[in-house]
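To keep things clear, I will list the structure first and then write my remarks on it.
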């Protein structure tokens, strides 16, 4: 009887180990293939001043210039078809936990007049306002959109990434949006 109980206990341990291994495999499959941390150090081609922001729309990447051709690289969402733009601007203001005031066009399409800071706010936890325009570099409450062309011209980042960038950038920093 003891041998049967011992064999049963051994089978239970083995089965639990197999189940644990299956769980580990499942959780590994759900993680990205290449575990990358952001921002990443990158080379930046072009003559950009230290502290500048360069957004490469086709790459869907934002670069924060460190000088000497080096930069920190972040993932971004860019403007959807018909809403993208390129040119030069500057960081005119920065806000933690920004409220959102949709444009008249957005309100005509069903957006509310105002969205308070919080989990329902599409600007996420930080916003960097660009020049005198309605465009911003901001966080998001829809992280799955980062890396896509889905915005109305703003540049969306993961909240952790925009928080990191926010601590590095100064008001007045030049912003270059290139195709």
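The values are calculated or read from the model by the stated rules, or taken from the named source; none is laboratory data. The shown structure was predicted, so the numbers you read here are calculated from the model rather than taken from an experiment. When we count neighbours, we look across all protein chains shown, and the Cβ atoms used for this are built from the backbone with ideal geometry, even at glycine.
Inside region 64-93, can you point out the residues that are closer than 21 Å to residue 133 by Cβ and in contact with a helix residue (DSSP H, G or I) (Cβ under 8 Å, 6 or more places away or on another chain)?
Scanning region 64-93 gives 64, 74, 77.
If residue 113 meets every condition in (1) in contact with a strand residue (DSSP E or B) (Cβ under 7 Å, 6 or more places away or on another chain); (2) not in a strand (DSSP E or B) apart from one, which number is that one?
(1)
Can you confirm whether region 12-27 contains a residue that is assigned to a loop (DSSP other than H, G, I, E, B) and either at pLDDT below 85 or under 25 Å from the mean Cα position of the chain (by Cα) (or both)? Step through it out loud before you land on a result.
As a first pass, look at region 12-27 and keep what is assigned to a loop (DSSP other than H, G, I, E, B): none.
No, every residue in region 12-27 fails to be assigned to a loop (DSSP other than H, G, I, E, B) and either at pLDDT below 85 or under 25 Å from the mean Cα position of the chain (by Cα) (or both).
Quick one: would you say residue 169 is assigned by TED's automatic domain parsing to the domain that holds residue 94, within 15 Å of residue 63 (Cα to Cα), buried (at least 22 other Cβ atoms within 10 Å of the Cβ) and in contact (Cβ under 8 Å) with a residue 12 or more places away in the chain?
So residue 169 does not fit the description; no.
Restricting attention to region 129-154, report how many residues are within 15 Å of residue 80 (Cα to Cα), under 9 Å from the mean Cα position of the chain (by Cα) and not in a helix (DSSP H, G or I).
Going through region 129-154 one residue at a time, the tally reaches 2.
Restricting attention to region 92-112, does a residue exist that is within 21 Å of residue 57 (Cα to Cα), touching a residue at least 60 places away in the same chain (Cβ under 8 Å) and buried (at least 17 other Cβ atoms within 10 Å of the Cβ)?
No, region 92-112 has no match at all.
Consider region 150-166. How many of its residues are in contact with a strand residue (DSSP E or B) (Cβ under 7 Å, 6 or more places away or on another chain), surrounded by fewer than 18 Cβ atoms within 10 Å (Cβ to Cβ) and under 16 Å from residue 98 (Cα atoms)?
Result for region 150-166: 1.
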